[in-house]
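One structure is given below, encoded as structure tokens.
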Amino acid sequence: MSTQSLRPWAAALAFLALAAVARAAPADEVRQVTVVGRGEVRAAPDRATVTLGVHATAPTVEAARGEADRVVASLLAVARGLKLADADVRATGLSVSPDYDFGDGRRTRKLLGYSVDRQVVVLLKDIDRLGELIERGLGAGANTASSPQLDSSRRAELEREALARAVGDARQNAAAIATALEATVGRVRAVRQNGAQMPGTEEVVVTAARYAGAPPAQSYQPGEIVFDATVSASFDLVPAGH
């Protein structure tokens with residue numbers, strides 16, 4: 001068979017192949033919508049990390065360190081008195097810095113002494129004893145204290161619940177957009193968690209008029225902790241009638 005006789009057949013085969021591709025291709029690309037969803041879970045804390053410290057000053061390093069060590073020993077005794085596990089209590093190393101008196105517009109300085117700082121960090125697993133721990137720590141000589149870091153022993157469970165709510169919120173947002181476009185939400189194409197969220201905490205409330213006459217240890221109200229989650233998700237948009 002000659003080359004010229006094959007040309008009509010080749011053209012016909014090429015036409016059939018193009019027709020098959022055209023039939024297989026969708027009439028239009030699948031439309032998608034990408035949305036953000038947010039979820040929040042609130043819970044009462046059942047544990048707290050408490051940091052109590054001492055700032056001691058003296059003419060010599062030895063004297064300042066001795067005072068700081070004395071207070072730390074008293075704070076550790078408080079922890080033992082509350083029957084806290086040794087693994088839940090740690091005393092940090094000390095920091096030392098000189099104290100100067102600057103005169104003449106800071107052109108001269110005079111050494112006044114030294115400052116020594118130490119801290120005791122306690123993981124308190126009985127939140128009802130929060131006030132007692134802080135008050136007894138202050139009574140033992142602590143003169144610095146940070147706001148307790150509230151937490152929950154159910155952290156993982158609460159974080160997953162907030163994440164599930166965020167996914168549900170994302171689907172509802174997608175449905176609202178789809179309705180406005182006269183479409184419906186199809187299958188999910190992708191979901192991405194936007195970062196890890198630490199629980200937000202409300203400040204511990206200390207001494208208010210409503211607690212007048214109550215023991216100081218009862219004036220600490222832990223409030224709530226909030227677990228947040230945010231996701232971004234992509235869904236198919238299915239046109240009406242499909």
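Quick notes on this one:
- The range 82-110 residues that are within 18 Å of Arg70 (Cβ to Cβ) and surrounded by 13 or more Cβ atoms within 10 Å (Cβ to Cβ), paired with ones that are modelled with pLDDT of 95 or more and among the charged types (D, E, K, R) (beta carbon under 6 Å, 6 or more apart): Leu94/Arg118
- Any hit, the range 157-180, residues being closer than 30 Å to Val54 by Cβ, of a type in the set (Asp, Glu), touching a residue at least 24 places away in the same chain (Cβ under 8 Å) and in contact with a strand residue (DSSP E or B) (Cβ under 6 Å, 6 or more places away or on another chain): no
- Residues (among the aliphatic types (A, V, I, L, M) and either closer than 16 Å to Ala48 by Cβ or not in a loop (DSSP other than H, G, I, E, B) (or both)) located in the range 122-144: Val122, Leu123, Leu124, Ile127, Leu130, Leu133, Ile134, Leu138, Ala142
- Residues (at pLDDT below 95 and on the phi > 0 side of the Ramachandran plot) located in the range 66-112: Asp104, Gly105, Arg106
- Residue within the range 120-138 that is more than 16 Å from Gly81 (Cα to Cα), modelled with pLDDT of 95 or more and not hydroxyl-bearing (Ser, Thr, Tyr) present: no
- Filtered residue count, the range 193-242, keeping only those that are modelled with pLDDT of 60 or more, part of a loop (DSSP other than H, G, I, E, B) and crowded, with 16+ Cβ neighbours inside 10 Å: 2
- When Gln172 is tested against (1) crowded, with 19+ Cβ neighbours inside 10 Å; (2) modelled with pLDDT of 95 or more, just one condition goes unmet, and that condition is (1).
- Odd one out for Ser147 among (1) in a loop (DSSP other than H, G, I, E, B); (2) crowded, with 17+ Cβ neighbours inside 10 Å; (3) out of contact with any strand residue (DSSP E or B) (no Cβ under 6 Å at 6 or more places or on another chain): (2)
- Of the residues screened, Val78 is not one that is under 20 Å from Gly141 (Cα atoms), surrounded by fewer than 15 Cβ atoms within 10 Å (Cβ to Cβ) and in contact (Cβ under 8 Å) with a residue 12 or more places away in the chain.
- Verdict on Ser115 being in contact with a His (Cβ under 7 Å, 6 or more places away or on another chain) and of a type in the set (Ser, Thr, Tyr): yes
- Residue that is farthest from the chain's Cα centre (by Cα), among those in the range 68-111 that are among the β-branched types (Val, Ile, Thr) and not in a loop (DSSP other than H, G, I, E, B): Thr108
- Of all residues in the range 58-73, those satisfying the criterion of being surrounded by 17 or more Cβ atoms within 10 Å (Cβ to Cβ) and not acidic (Asp, Glu) are Ala58, Ala64, Arg65, Ala68, Val71, Val72.
- Residue within the range 16-36 that is within 39 Å of the chain's Cα centre (by Cα), under 30 Å from Gly131 (Cα atoms), modelled with pLDDT of 50 or more and not aliphatic (A, V, I, L, M) present: no
The values are calculated or read from the model by the stated rules, or taken from the named source; none is laboratory data. Note that the coordinates shown come from a computational prediction; the quantities given were computed from them, not determined experimentally. Positions of Cβ are generated from backbone atoms using ideal geometry, with glycine treated the same way; all protein chains shown enter the neighbour counts.
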